[in-house]
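Undergrad: First the structure, which I've put down as structure tokens, then a few questions once you've had a look.
The values are calculated or read from the model by the stated rules, or taken from the named source; none is laboratory data. Everything numeric here is computed off the predicted structure, so don't read it as measured data. Cβ: placed from backbone, ideal geometry, glycine included. Neighbour counts: every protein chain shown. Heads up: the accessible areas ignore ligands, DNA and RNA and are worked out on the full protein's heavy atoms, side chains in. Shrake-Rupley method; radii C 1.70, N 1.55, O 1.52, S 1.80 Å.
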Amino acid sequence: MKKKISLPVYVGTIIGAAVLFGGGGFLLAKEGPDVFVDFGDRQSAITTKENDLDQVYRLYNTISENYYQQVDKDKLIEGALKGMTEALEDPYSAYLDKAGADALSQSLSDSFEGIGATLSISEDQPVIAQTPIKGTPAQKAGLKAEDIISKVDGTDTKGLPLDQVVAKIRGQKGTKVDLTIQRGKDRFEVAVTRDTIPIETVHGELDKKEPTIGYIQITTFGEGTAKELQRTIENLREEGAKAFILDVRQNPGGLLDKVQEMASMFLEDGQTIVQFEDGQKHKSKTIAGESLDGGFKVREPAVVLVDGNSASAAEIFAAALKESADVPVIGTTTFGKGTMQQVAELDSKSELKLTVGKWLTPKGEWLNEKGLTPTIKADYPDYAYLPPLSRSEEYEKGDSGKQIDYLNQFLKAIGQQTKGESFDEATVKAVKAIQKENKLKETGKVDGKTADAIEAAVTKTLMGQDFAYQKGIDELLKTLEN
């Protein structure tokens, strides 16, 4: 009997280009039941078709022996491996070099050692994508959203792949990394001492107006998320919660085993959580039970909040509760990623992440590129989806364009009379009002501090216009009253 090798199974997706230092943009999942790649059974097929690779060998030898300059043979091989996965035209299958493999393996751990910021690529340069996590080295060093990291330890970063920049910034707790920061017209050096950054994926609190309702935000499905969820529910119960809002909006995915454990908490034993289908059309499923949830059950009324960036594992969670537990799902249609990936180590320096099957809802629907339709549709206002104001330059009267349009929409959202793509007198008046309210110099121009104040006011306003959240409160109150 040939040995079956059970590999990590991932159901995550990649949203944007953001990478958490020390972690990674790959928010994926592993250890799915009855899903494996049987390399033993496939070995003979690989051997008998070895001649198919003759062209690859000939090309490699021709380049190695005849190219007019010195050839880095390792790069040739790596290029061939990358090309093979790219030929699948599957955005979720990839050859991962050491940096990518390391980022993948650390992306779902409970903590990482780094500086605690989120990085994206803009115009070939790494940029801090959002305000650094409070209390982290990045925040203590004064780093801000939209800071460009032009050098890491003296090495230029322009044009470098994101994972390489992350690898340079990541490091052991207590060590220092020297960053050259470009902030608008200013350029300066900052030394940041790395530390252990805990990753909390579940946040809970009682609703301020309705203290019998507990709000639980799940940001991803990581190694510790199931335990965090149980602990959060237990704490909220002690504080008086009789019902729960489960928010998986903007949740890009996570570990398959963890989402199954979490969904099982809300289902009766024996109910279906998720189904699977492999390339040979073989189907299997996971059912709720004590082996997954340890006997911990949530009997209180609940609703799930979703949006267009609720993906993969988040969709599994929402679909399981909707179809098997009749829990209302509120928000907008989800992302629509219905495939699973497995990761195999090719050697000590590389891995293969390969799509190996589909996941289906409890009722057998494949949501790929369709998404899960909510039970009740509700959304944020349009301005909630606008990009943040740029800090790379100041804006003043006479300016025009998309950034000014965003600015005017933000100002209108917080009660100012502004509109259009022109920085006119109405915009100046509105900006001065914000500056006065925040005790800033009343210049009528938008600099970094003014942009911070505007966005803080927008965030505060948005909290009162979270229509999906409010609909969730209304649904739970009706249930509790009955």
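Undergrad: Counting only residues that are open to solvent by 60 Å² or more (accessible area, probe 1.4 Å) and of a type outside the set (A, V, I, L, M, F, W, C), which one in segment 178-190 is nearest to GLU394 (Cα to Cα)?
TA: Start the filter on segment 178-190 by keeping residues that are open to solvent by 60 Å² or more (accessible area, probe 1.4 Å), which leaves 178, 183, 185-189.
Among the residues that remain, those that are also of a type outside the set (A, V, I, L, M, F, W, C) are: 178, 183, 185-187, 189.
Values: ASP178: 27, ARG183: 11, LYS185: 10, ASP186: 12, ARG187: 16, GLU189: 22 Å.
The extreme case among them is LYS185.
Undergrad: A follow-up question, please. List the residue pairs whose Cβ atoms are under 9 Å apart, where the first residue sits in segment 335-349 and is closer than 24 Å to THR361 by Cβ and small (Gly, Ala, Ser), the second is assigned to a strand (DSSP E or B) and open to solvent by less than 90 Å² (accessible area, probe 1.4 Å), and the two are 6 or more positions apart or on different chains.
TA: Taking only residues 6 or more apart or on different chains, the pairs are GLY338/LYS358; GLY338/TRP359; GLY338/LEU360.
Undergrad: To continue, here is another question. Given LEU476, LEU462, which one is touching a helix residue (DSSP H, G or I) at 6+ places or on another chain (Cβ under 8 Å) and more than 30 Å from SER284 (Cβ to Cβ)?
TA: Values: LEU476 fails: touching a helix residue (DSSP H, G or I) at 6+ places or on another chain (Cβ under 8 Å).
Going through LEU476, LEU462 in turn, the sole match is LEU462.
Undergrad: Could you grab me the full set of residues in segment 287-316 that are modelled with pLDDT of 95 or more, of a type in the set (A, V, I, L, M, F, W, C) and part of a loop (DSSP other than H, G, I, E, B)?
TA: Hits for segment 287-316 are ALA288, PHE296, VAL298.
Undergrad: Still on this structure, I have one more. Which of the following residues is at pLDDT 95 or above, more than 24 Å from PHE266 (Cα to Cα), assigned to a helix (DSSP H, G or I) and touching a Leu at 6+ places or on another chain (Cβ under 8 Å): LEU407, LEU321? Break it down into steps so the answer makes sense when it comes.
TA: Values: LEU321 fails: more than 24 Å from PHE266 (Cα to Cα).
After ruling out the rest, the residue left standing is LEU407.
Undergrad: Mind listing whichever residues of segment 250-266 are part of a loop (DSSP other than H, G, I, E, B) and surrounded by fewer than 24 Cβ atoms within 10 Å (Cβ to Cβ)?
TA: So the first thing to find is which residues in segment 250-266 are part of a loop (DSSP other than H, G, I, E, B), and the list is 250-253, 265-266.
If the condition is that a residue be part of a loop (DSSP other than H, G, I, E, B) and surrounded by fewer than 24 Cβ atoms within 10 Å (Cβ to Cβ), then GLN250, MET265 are the ones that fit.
Undergrad: Quick one: in segment 148-157, which of the residues that are assigned to a loop (DSSP other than H, G, I, E, B) and out of contact with any Pro (no Cβ under 8 Å at 6 or more places or on another chain) is surrounded by the fewest Cβ atoms within 10 Å (Cβ to Cβ)? Please lay out each step first, then the result.
TA: Quick first cut of segment 148-157, residues assigned to a loop (DSSP other than H, G, I, E, B) only: 153-154, 157.
From what is left, the residues that are out of contact with any Pro (no Cβ under 8 Å at 6 or more places or on another chain) are 153-154.
Numbers: ASP153: 13, GLY154: 8.
Going through the qualifying residues, I end up with GLY154.
Undergrad: Out of everything in segment 101-126 that is under 17 Å from the mean Cα position of the chain (by Cα), of a type in the set (A, V, I, L, M) and at pLDDT 80 or above, what residue ends up being surrounded by the most Cβ atoms within 10 Å (Cβ to Cβ)?
TA: ALA117
Undergrad: With the requirement that a residue be over 16 Å from GLU189 (Cα atoms) and either assigned to a helix (DSSP H, G or I) or in contact (Cβ under 8 Å) with a residue 12 or more places away in the chain (or both), what does segment 123-134 give you?
TA: Residues of segment 123-134 over 16 Å from GLU189 (Cα atoms): 123-125, 129-134.
Within segment 123-134, ASP124, GLN125, ALA129, GLN130, THR131, PRO132, ILE133 meet the criteria.
Undergrad: Now for a separate question. Can you confirm whether segment 158-166 contains a residue that is within 15 Å of VAL190 (Cβ to Cβ) and crowded, with 19+ Cβ neighbours inside 10 Å? Before you say what the answer is, go through the steps one by one.
TA: So in segment 158-166, the residues within 15 Å of VAL190 (Cβ to Cβ) come out as none.
Within segment 158-166, none of the residues are within 15 Å of VAL190 (Cβ to Cβ) and crowded, with 19+ Cβ neighbours inside 10 Å.
Undergrad: Here's a follow-up. When the residues of segment 410-432 are narrowed to those that are in a loop (DSSP other than H, G, I, E, B) and touching a strand residue (DSSP E or B) at 6+ places or on another chain (Cβ under 8 Å), which ends up least open to solvent (accessible area, probe 1.4 Å)? So that I can check it myself, show each step before the final result.
TA: Step one: of segment 410-432, the residues in a loop (DSSP other than H, G, I, E, B) are 414-421, 423-424.
Filter again for touching a strand residue (DSSP E or B) at 6+ places or on another chain (Cβ under 8 Å), leaving 421, 423.
Working: GLU421: 85, PHE423: 5 Å².
Taking the candidates together, the pick is PHE423.
Undergrad: Here are some residues: GLU475, GLU481, GLU455. Which one is open to solvent by less than 70 Å² (accessible area, probe 1.4 Å) and closer than 25 Å to VAL304 by Cβ?
TA: Details: GLU481 fails: open to solvent by less than 70 Å² (accessible area, probe 1.4 Å); GLU455 fails: closer than 25 Å to VAL304 by Cβ.
Going through GLU475, GLU481, GLU455 in turn, the sole match is GLU475.
Undergrad: I would also like to ask the following. Just wondering, is there one or more residues in segment 227-237 that are open to solvent by less than 10 Å² (accessible area, probe 1.4 Å) and either within 17 Å of the chain's Cα centre (by Cα) or under 18 Å from THR286 (Cβ atoms) (or both)? So that I can check it myself, show each step before the final result.
TA: The first filter runs over segment 227-237 and keeps only residues open to solvent by less than 10 Å² (accessible area, probe 1.4 Å), leaving 229, 233, 236.
Still in the running and either within 17 Å of the chain's Cα centre (by Cα) or under 18 Å from THR286 (Cβ atoms) (or both): 229.
Within segment 227-237, one or more residues are open to solvent by less than 10 Å² (accessible area, probe 1.4 Å) and either within 17 Å of the chain's Cα centre (by Cα) or under 18 Å from THR286 (Cβ atoms) (or both).
Undergrad: For residues that are within 22 Å of SER348 (Cβ to Cβ) and either in a helix (DSSP H, G or I) or in contact with a Pro (Cβ under 7 Å, 6 or more places away or on another chain) (or both), scanning just segment 55-76, find the one that is least open to solvent (accessible area, probe 1.4 Å).
TA: Across segment 55-76, the extreme among qualifying residues is LEU76.
Undergrad: Conditions: (1) modelled with pLDDT of 95 or more; (2) under 18 Å from the mean Cα position of the chain (by Cα). THR220 meets all but one. Number of the miss?
TA: THR220 satisfies every listed condition except (1).
Undergrad: Checking the conditions here, which among GLY357, GLY398 is modelled with pLDDT of 95 or more and over 18 Å from ALA453 (Cβ atoms)?
TA: Working: GLY357 fails: modelled with pLDDT of 95 or more.
After ruling out the rest, the residue left standing is GLY398.
Undergrad: Would you please name the residue that is most open to solvent (accessible area, probe 1.4 Å), looking only at residues in segment 77-100 that are more than 22 Å from ALA167 (Cβ to Cβ) and assigned to a helix (DSSP H, G or I)?
TA: Across segment 77-100, the extreme among qualifying residues is MET84.
Undergrad: Kindly list the number of the only condition in (1) over 28 Å from the mean Cα position of the chain (by Cα); (2) surrounded by 15 or more Cβ atoms within 10 Å (Cβ to Cβ); (3) modelled with pLDDT under 95 that fails for THR461.
TA: Of the numbered conditions (1) over 28 Å from the mean Cα position of the chain (by Cα); (2) surrounded by 15 or more Cβ atoms within 10 Å (Cβ to Cβ); (3) modelled with pLDDT under 95, the odd one out for THR461 is (1).
Undergrad: Also, I was wondering about something else. Taking the condition of being surrounded by fewer than 19 Cβ atoms within 10 Å (Cβ to Cβ), touching a Phe, Trp or Tyr at 6+ places or on another chain (Cβ under 9 Å) and either within 16 Å of GLY254 (Cβ to Cβ) or charged (D, E, K, R) (or both), how many residues in segment 312-357 meet it?
TA: Total satisfying the criteria: 0.
Undergrad: From the list THR175, THR193, exactly one residue is hydroxyl-bearing (Ser, Thr, Tyr) and surrounded by 13 or more Cβ atoms within 10 Å (Cβ to Cβ). Which is it? If you could, list the steps in order and put the result at the bottom.
TA: Numbers: THR175 fails: surrounded by 13 or more Cβ atoms within 10 Å (Cβ to Cβ).
Every option except THR193 fails the conditions.
Undergrad: Exactly one of these conditions fails for GLY253: (1) in contact with a strand residue (DSSP E or B) (Cβ under 7 Å, 6 or more places away or on another chain); (2) at negative phi. Give me its number.
TA: (2)
Undergrad: Name the single residue that is farthest from GLN250 (Cα to Cα) among those in segment 192-204 being without any contact (Cβ under 8 Å) to a residue 40 or more places away in the chain and in a strand (DSSP E or B).
TA: If we take residues in segment 192-204 being without any contact (Cβ under 8 Å) to a residue 40 or more places away in the chain and in a strand (DSSP E or B), then GLY204 is farthest from GLN250 (Cα to Cα).
Undergrad: Can you find a residue in segment 205-226 that is closer than 18 Å to ALA138 by Cα, assigned to a loop (DSSP other than H, G, I, E, B) and of a type in the set (Val, Ile, Thr)?
TA: No; the residues of segment 205-226 include none that is closer than 18 Å to ALA138 by Cα, assigned to a loop (DSSP other than H, G, I, E, B) and of a type in the set (Val, Ile, Thr).
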